[in-house]
Amino acid sequence: MALVDTLRARESAVGNWLSLRDPAVAEISAELGFDFVVLDIEHTTNTLETVVDMARATDAAEGDTEAIVRLPWNDPVVIKRVLDTGVAGVMSPMVDDAEEARAFVEATRYPPEGNRGVAGGRAARYGLEMDDYVENANERVLTVAQVETKSGFEHVEEIAAVDGLDGLFLGPADLSANLGMYGEYESEAFLDAVDRVVEAAHAEDKPVATLAFGREEIERYVDLGFDFMMVGTDTSHLMGGAATSKAAFEGAVADRDG
């Protein structure tokens with residue numbers, strides 16, 4: 001089942017968040033069987049060219065892993081260029097209200113539903129499947145709005161209700177910072193905020209996602225009702241694995257020499 005269908009059916013999906021530029025990282029994630037990878041171009045040095053290479057690597061791997069892109073901003077010019085690469089969908093950061101959510105959705109849709117420009121890019125097999133792609137893209141592109149500002153939180157019910165928006169993403173770090181409780185992820189106030197975002201999404205029968213690190217945090221967010229999740233980042237997996245191996249060596253040497 002395609003990722004967009006999985007999420008619209010409110011079924012679970014697990015992803016890997018990628019910030020490193022090497023396509024091998026996307027390929028490895030796909031070979032591991034992740035449902036999707038998030039290609040981050042907001043807080044990384046990744047570029048449009050990087051997105052294309054990583055999307056190709058994902059598509060070429062065994063399995064059905066799909067790529068979605070975390071945009072640098074809710075910008076229609078950036079959105080149309082990213083979608084022309086053929087990725088499965090896009091996530092917009094810092095959506096503050098329903099108007100911004102509607103603008104985001106419209107930028108992903110061809111007329112008359114939106115204002116996306118038509119071009120024969122990779123998404124349409126460079127024009128070989130132009131008619132079919134234009135006919136179906138409006139229903140097949142996944143759209144996720146990130147709720148991570150005070151305004152977005154205050155308008156979360158209206159954002160969730162926007163037609164054409166497929167789901168919400170709660171950014172724990174940004175949302176906690178914008179609500180004046182940075183990093184207080186176990187506080188009652190933050191958990192109440194989480195509940196409000198989850199309930200707003202589910203009231204519209206839409207899935208909600210977050211980014212979680214480690215088994216305990218992943219299990220906590222699953223219990224809180226999140227439908228799909230990015231379970232760490234490529235850099236956190238690299239650092240965690242490297243730190244564990246380094247500690248194992250140092251411990252073995254200490255045991256031998258002790």
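The values are calculated or read from the model by the stated rules, or taken from the named source; none is laboratory data. As the structure is a computational prediction, the values presented were derived from the model and not from experiment. Glycine also receives a Cβ, built like all others from the backbone with ideal geometry; neighbour counts cover every protein chain displayed. The accessibility values were calculated without ligands, DNA or RNA, using every heavy atom of the protein model including side chains. Shrake-Rupley method; radii C 1.70, N 1.55, O 1.52, S 1.80 Å.
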(request) Could you give me the residue pairs with C-beta distances under 7 Å whose first residue belongs to the range 130-153 and is within 21 Å of V38 (Cα to Cα), whose second residue is aromatic (F, W, Y) and in a helix (DSSP H, G or I) wherever it lies, and which are 6+ apart or on separate chains? (result) T143/F104; A145/F104; V147/F153
(message) I need every pair where a residue in the range 209-226 that is on the phi > 0 side of the Ramachandran plot has its Cβ under 8 Å from the Cβ of a residue that is part of a helix (DSSP H, G or I) and surrounded by 20 or more Cβ atoms within 10 Å (Cβ to Cβ), sequence separation at least 6 or different chains.
(response) G225/V198
(request) Under 6 Å between Cβ atoms, at least 6 apart or on separate chains: pull out the pairs that start in the range 56-74 with a residue that is on the phi > 0 side of the Ramachandran plot and end on any residue that is modelled with pLDDT of 95 or more and open to solvent by 10 Å² or more (accessible area, probe 1.4 Å). (result) G63/G33
(message) So in the range 51-79, with the set limited to residues that are part of a strand (DSSP E or B) and open to solvent by less than 30 Å² (accessible area, probe 1.4 Å), which one is farthest from L170 (Cα to Cα)?
(response) A67
(message) So, W17, is that one among the aromatic types (F, W, Y) and either open to solvent by 50 Å² or more (accessible area, probe 1.4 Å) or free of Cβ contacts under 8 Å to residues at least 60 places away in the same chain (or both) or not?
(response) no
(request) Quick one: in the range 80-105, of everything that is part of a strand (DSSP E or B) and of a type in the set (G, A, S), which residue is nearest to F153 (Cα to Cα)? (result) S92
(message) If A88 meets every condition in (1) closer than 23 Å to D174 by Cα; (2) within 14 Å of the chain's Cα centre (by Cα) apart from one, which number is that one?
(response) (1)
(request) Just give me the residues in the range 96-121 being over 30 Å from A173 (Cβ atoms), in contact with a helix residue (DSSP H, G or I) (Cβ under 9 Å, 6 or more places away or on another chain) and open to solvent by 50 Å² or more (accessible area, probe 1.4 Å), in sequence order. (result) E113, N115, V118
(message) Just the residues that are open to solvent by 30 Å² or more (accessible area, probe 1.4 Å) and of a type in the set (S, T, Y), please, taken from the range 203-237.
(response) T235, S236
(request) Please go through the range 195-219 and pick out each residue that is touching a strand residue (DSSP E or B) at 6+ places or on another chain (Cβ under 8 Å) and assigned to a helix (DSSP H, G or I). (result) V197, V198, A200, A201, H202, G214, I218
(message) Being outside any strand (DSSP E or B), under 20 Å from L7 (Cα atoms) and open to solvent by less than 10 Å² (accessible area, probe 1.4 Å) is the filter here; which residues of the range 137-163 pass it?
(response) A137, V141, V156, I159, A160, V162
(message) Considering only residues that are surrounded by 14 or more Cβ atoms within 10 Å (Cβ to Cβ) and assigned to a helix (DSSP H, G or I), which ones fall in the range 167-190?
(response) P172, D174, L175, S176, A177, N178, F190
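Yes/no per residue for (1) assigned to a helix (DSSP H, G or I); (2) under 19 Å from the mean Cα position of the chain (by Cα):
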site	(1), (2)
A119	no, no
D132	yes, no
E135	yes, no
L165	no, yes
